[in-house]
Amino acid sequence: MTAHPAADGLDGSRPFRSLLRLLRPQSARLLGAAIAFLVKDSPTWVLPVVTGSIIDIVVAHGPLTRLVPWALGALLILALNYPFNMIFVRVSSRTTRELAVELRNALTARPQRLSLGFHNEQSAAIIQTKVVRDVENVELLMQQAFPTFLSSTFTLVGAVVITTITAPAFTLLFALTVPVVAVLIRYIRKRSAERN
């Protein structure tokens, strides 16, 4: 019996690389999910700028007509949140399910290549339980880690872009202070590890 093609791509010593190899056929769908998540998550870093601009207009006693574009922009961003959330959930769930099927097939094909002696010594129920549990763990990882990774990445990039557009001097300040803070944290951790 021939092995499942994805079974050759699995490497127990490099699980993350194996996961990426299994996700490679889904890369276009994952990119679409990431774009949908970007639009869905954009209110978290766009609305503070809109709110700040509205407050600036009100404090400066500006004309109310200047509030209309900002208010419409905020409504548009909020209106896009729901449909793009549905698109993200649908696409990412489908990708996760197809990954689970592919992984389940690959893990099922692997024992078929082992000797009869192995199957005589091992319980089929134990192997089946382990396969099911491992696939469920990968599904859970994808469901929890993928949105968290996207949210963290887009929030960081969005904050840097917005800060660069609205206050370029702060971007320069961040560019200078972040490496200093990183070196300082590393130094303090090293010193505390040596002493403790």
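Matching the structure-derived P(r) over Cα pairs in 5 Å bins from 0, in percent against the labelled list (1) 1, 7, 15, 19, 18, 15, 11, 8, 4, 2, 0; (2) 1, 8, 19, 23, 22, 15, 9, 3, 0; (3) 1, 6, 10, 12, 11, 10, 10, 10, 9, 7, 5, 3, 2, 1, 1, 0, 0 gives the label (3). Between Leu75 and Leu31, the contour length at 0.36 nm per residue exceeds the Cα-Cα span by 13.3 nm. Solvent-accessible surface (1.4 Å probe) assigned to Glu98 amounts to roughly 70 Å².
Projecting label points 7 angstrom from Cα along Cα→Cβ for Glu194 and Val181 puts them 2.5 nm apart. If I fit a long axis through the Cα atoms of helix 43-59 and take the longest principal axis of the Cα atoms of the chain, what angle between them do I get, 0 to 90°, rounded to 10? The angle comes out at about 10 degrees.
In a fully extended conformation the segment linking Arg14 and Gln143 would gain 44.4 nm over its present Cα-Cα distance, using 0.36 nm per residue.
For the pair Leu67 and Val89, label points projected 7 Å from Cα toward Cβ lie 3.4 nm apart.
At q = 0.16, 0.17 Å⁻¹, work out log10 I(q)/I(0) for the stretch 130-196 with the Debye formula, treating every Cα as an identical point scatterer and leaving solvent out; two decimals please. Scattering profile of the stretch 130-196, log10 relative to I(0): -0.80, -0.81. Per-residue ellipticity at 222 nm for the chain, helices alone: DSSP H runs ≥ 4 residues times -39500 (n - 2.57), over residue total, nearest 500 deg cm²/dmol? Helix contribution divided over all residues of the chain: -29500 deg cm²/dmol. Taking the chain as a Gaussian network of alpha-carbon nodes connected by springs under 10 Å, the highest mean-square fluctuation of the residues Ile185, Ile165, Ile126 belongs to Ile185.
Under the shape rule built on the C-alpha gyration tensor, where the axes satisfy a ≥ b ≥ c, the stretch 13-76 is prolate, since a/c reaches at least 1.5 and a/b is greater than b/c.
Per-residue accessible area (protein heavy atoms, 1.4 Å probe) orders Lys190, Lys40 as Lys190, Lys40, starting from the largest. Using a 10 angstrom cutoff on alpha carbons, build the Gaussian network for the chain and name the most mobile of Arg90, Arg14, Arg186. Residue with maximal mean-square fluctuation among Arg90, Arg14, Arg186: Arg186.
Think of the chain as having a plus end and a minus end, set by charges on the Cβ of Lys, Arg, Asp and Glu; of Ala159, Gly62, Ser42, Ala159 sits farthest toward the positive end of this dipole. Simple spin-label estimate for Ala60 and Val160 gives 2.9 nm between the two label positions (7 Å along the Cα-to-Cβ direction from each Cα).
Using C-alpha pairs under 8 Å with a sequence gap of at least 6, the mean separation divided by the residue count of the chain gives a relative contact order of 30 percent. Fully extending the segment from Asn105 to Phe174, taken as 0.36 nm per residue of separation minus the present Cα-Cα distance, adds 20.1 nm.
The values are calculated or read from the model by the stated rules, or taken from the named source; none is laboratory data. The structure displayed is predicted, hence computed values, not measured ones. Neighbour counts are summed over all protein chains in view; Cβ atoms, including those assigned to glycine, are modelled from backbone coordinates with ideal geometry. When the accessible area is computed, the model is the full protein with side chains, heavy atoms only, and any ligands, DNA or RNA have been set aside. Shrake-Rupley method; radii C 1.70, N 1.55, O 1.52, S 1.80 Å.
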